[in-house]
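Derivation of every value follows stated rules applied to the coordinates shown; laboratory data play no part. None of these values were measured; they are calculated from a predicted model. Virtual Cβ from ideal backbone geometry, glycine too; neighbours counted across all protein chains shown.
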């Protein structure tokens, strides 16, 4: 809306229709509903160049957001070894991915950040065979300079330390709860975020004194944060499973074979040597 | 009912535009897009209601997390509506009843939160009131921390809701005209007296309308809150944030909470709007 529309009453005051207010009420409801819908990722993010038409096989990989960098690398490798093929990605939170697939989003491969999300996908009949391909552990991140002088997990529970963690409903939060149980330290965070990226953002912006994120996230943030490792976190490892989706290949019978073959090739690449190298560079462990 | 029809003999402006008498009928074709319009708004809500597991609804809605979120949403939305009234009424008066250079720019600035994506609003609030922000750094030195507090939620809601109240009330002020105010002033009433006894009563329906919209907008606030205030049960996790979180682990609970939010919004908007119009 512009200033001109706002001054709608200026030139013709008596004609300002009262029904405007009624319609504004409806608009407010739309706003309320829009608020509920926020956070649903928009269209698929195409990566790669082939247009999908012609003989080349084409797949969409649904993957946890933390896998973005190594998976883009592996996708490029697979496209090189399969000329004319096209590997696209949809990166989001693991629970979001499963929800999208359950609602009929077309995907060929699913890789989640935890086994619980994959189990939900399996119980919905979305995947058949899955295997763990990477692990991730938690670490503490602090703003550069470490203003609250954090040196251990127990320090996070001290009075006046503003700690941000993931909510227990999401994989990184569930892992944080396991570390709390292992260390016997009960945290009282100032915020429980839905996304590990939101935790990281609160640290890079200096809003909080410490955050609990994955090692891979801390590596990705680079110089913006400092890392304080948690020895106990090695016993609260998150396993990342991957599997070809039951509906892989798409509905078009003439493309299903090549597409399924490409999906299998991508999973093999992730679990094979080159994939392992890319995952290790990003900070992932071996299951 | 409304101020302008309460004393029609005093106004020079034609009242036919707002008469309740049936005028010439609408062209029939108008009803087709009108019905489509309402379908666009209502159908998704119907679709959502169809998905809700009604048998589990009481259990889903009476969980501590849901009750905390509902309580916090009602509390913060009421507080931000109050803040919108305290700040927005004088702002609307200044915009509608005075003339000064740069008024058009000021009006555009007031509307800014309407066009900003809420996340951007949250970032702006963070850069201002956050721990390292423009004001926040000084507040932090005084021992006042707004980030991650319920105050931050109210601040975010007030930021996004204020334009709704100002626009609604300014329109009502312009529609009401200045005739009654002029008469009261010639009879010796002071400016404050005129404001309290003539202007505000005349524009009360506009104020109520704007306040309802501000409340509804506050109730649905999501992006700015998540960015600026964080998410913690009972302190900053309002109903929309609880819905967003519930989606992760329990989509059925998210739908139930979404339905609750719709019902609360409908009840508030319906009750106040209905009353102010009857």
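Computed quantities for the displayed model
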| quantity | calculated |
| --- | --- |
| Mean Cα-pair separation over length for chain B, i.e. relative contact order, pairs under 8 Å, 6 or more apart, % | 29 percent |
| Radius of gyration and Dmax over the Cα atoms of segment B:63-277, both given in Å | 19.3, 67 |
| Spin-label pair residue B:185/residue B:99, simplified geometry with 7 Å Cα→Cβ offset, distance in nm | 1.3 nm |
| Additional length obtainable on full extension of the chain from residue B:250 to residue B:142, 0.36 nm per residue less Cα span | 34.7 nm |
| Normalised convex hull volume, segment A:138-235, alpha-carbon set, Å³ per residue | 80 Å³ |
| Fraction of antiparallel bridges per DSSP, segment A:138-235 only, in percent to nearest 5 | 60 percent |
| Volume per residue that the Cα convex hull of segment A:212-287 spans, once the total is divided by residue count, Å³ | 130 Å³ |
| DSSP bridge pairs, the protein assembly as shown: antiparallel proportion in percent, nearest 5 | 55 percent |
| Rough spin-label spacing in nm, given labels placed 7 Å along Cα→Cβ, for residue A:128 and residue B:135 | 6.1 nm |
| Mean residue ellipticity (222 nm) of the protein assembly as shown, computed from DSSP H runs ≥ 4 via -39,500 (n - 2.57), nearest 500 | -17000 deg cm²/dmol |
| Mean-position separation - Cα centroids, segment B:91-137 and segment A:243-278, in angstrom | 50 Å |
| Over segment B:35-176, equivalent-ellipsoid semi-axes from the Cα gyration tensor in Å | 32, 26, 14 |
| Simple spin-label estimate for residue A:224 and residue B:75 in nanometres, 7 Å along Cα-Cβ | 3.2 nm |
| Alpha-carbon gyration tensor eigenvalues x 5, square-rooted, for the protein assembly as shown, Å | 51, 30, 20 |
